[in-house]
C-alpha cells in the first residue's frame, strides 16, 4: 500500500504559515553561519525525521547499535524525552525510564555493554561523552532524534519517513506533522522509508523514489517492521504465553502509548478475534489511575484465556512503575520490534555506514 491521503484541518493552515516562517529564518541563520554549528573529532551519526514522531527512530537506532557494537566503542545520545531529570546523565544499571526517558531506557536494557546518555544540549552531551576516560570514550556517537538540533553538524544524517505519511505529502505543524518544511530533506545523506508493506512491487519503489526528488548523492532505503515473540515484562518461573499459544477465542487487551499503534494492532489481530484496547499519547507516563483503569478493563474480559500485550516502548515505562499489582504483572507481556531492510538493501546500508566511519577516521587520522 502506498501513501494514504493525509487528512488535514485547513483551519490550522495560517498557524502553520507563521510557524514555517520562524523555522525558515532559524535554518537560514544556521546556513549563513550566524548561528554556529559544531563538528566533532569522532563520527556522529544522526537518526532523525522531519515529522513529529512515529517513524521508528528507536528500532533503526538499535539496528545501528547491533551493526557497530562489536567493531567500535559506541554511545547513543538523546534528549531523554519526558524524563524527570535535568542536564547530562550517563545511564547506570539503577536508572529507570524516569531518569533517562523511555527510548533511552529501552536501548540501555537491550545493550548494557554500550554507553547510553541523555542531554537536551547535544553539544554538551557529546563533549561530556568525549571527556570520559580513554578506555570507555566512544569512537562513534549515534544521535537519536537530532535532525533539527542544528547546533551539532553530524558527520552523517539519516532521515526516516513512513510509507503511509511521507514527508513530501505532509504539511507543517499544526496543520500537518512536519517539524520543518519538506525541503529540509536536502541536509540528509540518506533517507529511509519505514513501515513498508512486504508486498511492495519494484514499480512502487520507483514511484516513491521519483516523488522523493532526492539529489544524486542521497541514498534511499526501505524498511519494514518485524515483530518478535511476546515476552513477559515481569519474568517468573511459571511457563508463560507465546503468540502461538493465543487461540482464536482468547482475549487480548492491547495497551499502547506510541504515536502510531496501527501495525501493533494488526499483528495481534492475526492471532485472535477478541481484541480490546486502551491507547494513550506517545511517551505517556502511566499514572496510578491509568494502572487502575487497565486493571478494571482487564477484569471485565470474561474469556478463560486472556492477557495484556503492550508495545516494547511502553514496557520500558511499565517495568519500573510501582503501582502495578502482582496479579497484573503475571499477565503483562510486550511485543519486541526490529527493522528489516527490503530488497536485501541492508547490505548497501551496512556498507554505507561502515565506509563512512572508516573514511572519517582515515581523514581525521583517528
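The values are calculated or read from the model by the stated rules, or taken from the named source; none is laboratory data. The shown structure was predicted, so the numbers you read here are calculated from the model rather than taken from an experiment. Here Cβ is always computed from backbone atoms with ideal geometry, including for glycine, and neighbour counts include all displayed protein chains.
A few comments on the model shown:
- Any hit, the range 121-128, residues being crowded, with 17+ Cβ neighbours inside 10 Å, within 26 Å of residue 215 (Cβ to Cβ) and either modelled with pLDDT of 95 or more or not assigned by TED's automatic domain parsing to the domain that holds residue 56 (or both): yes
- Filtered residue count, the range 205-243, keeping only those that are under 21 Å from residue 264 (Cβ atoms), part of a helix (DSSP H, G or I) and at pLDDT below 95: 0
- Lone unmet requirement of (1) surrounded by fewer than 18 Cβ atoms within 10 Å (Cβ to Cβ); (2) in the same structural domain as residue 54 (by TED's automatic domain parsing); (3) in a loop (DSSP other than H, G, I, E, B); (4) touching a residue at least 24 places away in the same chain (Cβ under 8 Å) for residue 180: (1)
- Candidates in the range 192-204 are the residues that are out of contact with any helix residue (DSSP H, G or I) (no Cβ under 8 Å at 6 or more places or on another chain) and outside any helix (DSSP H, G or I); of these, the one that is nearest to residue 159 (Cα to Cα) is 197.
- Close pairs (8 angstrom Cβ cut-off, 6 or more residues apart or separate chains): free of Cβ contacts under 8 Å to residues at least 24 places away in the same chain in the range 263-278, surrounded by fewer than 17 Cβ atoms within 10 Å (Cβ to Cβ) anywhere: 265/275; 265/277; 269/275
- Any chance residue 63 is in a helix (DSSP H, G or I), out of contact with any helix residue (DSSP H, G or I) (no Cβ under 8 Å at 6 or more places or on another chain) and closer than 30 Å to residue 201 by Cα: yes
- Search result, residues across the range 18-42 that are surrounded by 12 or more Cβ atoms within 10 Å (Cβ to Cβ) and closer than 18 Å to residue 186 by Cβ: 20, 23, 24, 26, 27, 29, 30, 31, 35, 37
- Residue 185, sole failed condition from (1) modelled with pLDDT under 95; (2) buried (at least 19 other Cβ atoms within 10 Å of the Cβ); (3) part of a helix (DSSP H, G or I): (1)
- Any chance residue 354 is part of a helix (DSSP H, G or I), at pLDDT 95 or above, touching a helix residue (DSSP H, G or I) at 6+ places or on another chain (Cβ under 7 Å) and on the phi < 0 side of the Ramachandran plot: no
- Count of residues meeting criterion [touching a strand residue (DSSP E or B) at 6+ places or on another chain (Cβ under 8 Å) and not in a strand (DSSP E or B)] in the range 249-262: 6
- Index of the failed condition, residue 56 passing every other in (1) out of contact with any strand residue (DSSP E or B) (no Cβ under 8 Å at 6 or more places or on another chain); (2) at pLDDT below 95: (1)
- Scanning the range 171-208 for residues that are in contact with a strand residue (DSSP E or B) (Cβ under 6 Å, 6 or more places away or on another chain) and more than 20 Å from residue 48 (Cβ to Cβ) yields a count of 1.
- Of the residues making up the range 110-119, one or more are assigned to a helix (DSSP H, G or I), under 20 Å from residue 317 (Cβ atoms) and not assigned by TED's automatic domain parsing to the domain that holds residue 47.
- Flag if residue 317 is within 30 Å of residue 192 (Cα to Cα) and more than 19 Å from the chain's Cα centre (by Cα): no
Conditions (1) surrounded by fewer than 21 Cβ atoms within 10 Å (Cβ to Cβ); (2) within 22 Å of residue 109 (Cβ to Cβ), marked per residue:
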{"residue": "300", "(1), (2)": "yes, no"}
{"residue": "303", "(1), (2)": "yes, no"}
{"residue": "308", "(1), (2)": "no, yes"}
{"residue": "319", "(1), (2)": "yes, yes"}
{"residue": "322", "(1), (2)": "yes, yes"}
{"residue": "327", "(1), (2)": "yes, no"}
{"residue": "338", "(1), (2)": "yes, yes"}
{"residue": "341", "(1), (2)": "yes, no"}
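- Extreme residue, nearest to the chain's Cα centre (by Cα), among residues of the range 183-204 that are farther than 29 Å from residue 268 by Cα and without any contact (Cβ under 8 Å) to a residue 12 or more places away in the chain: 183
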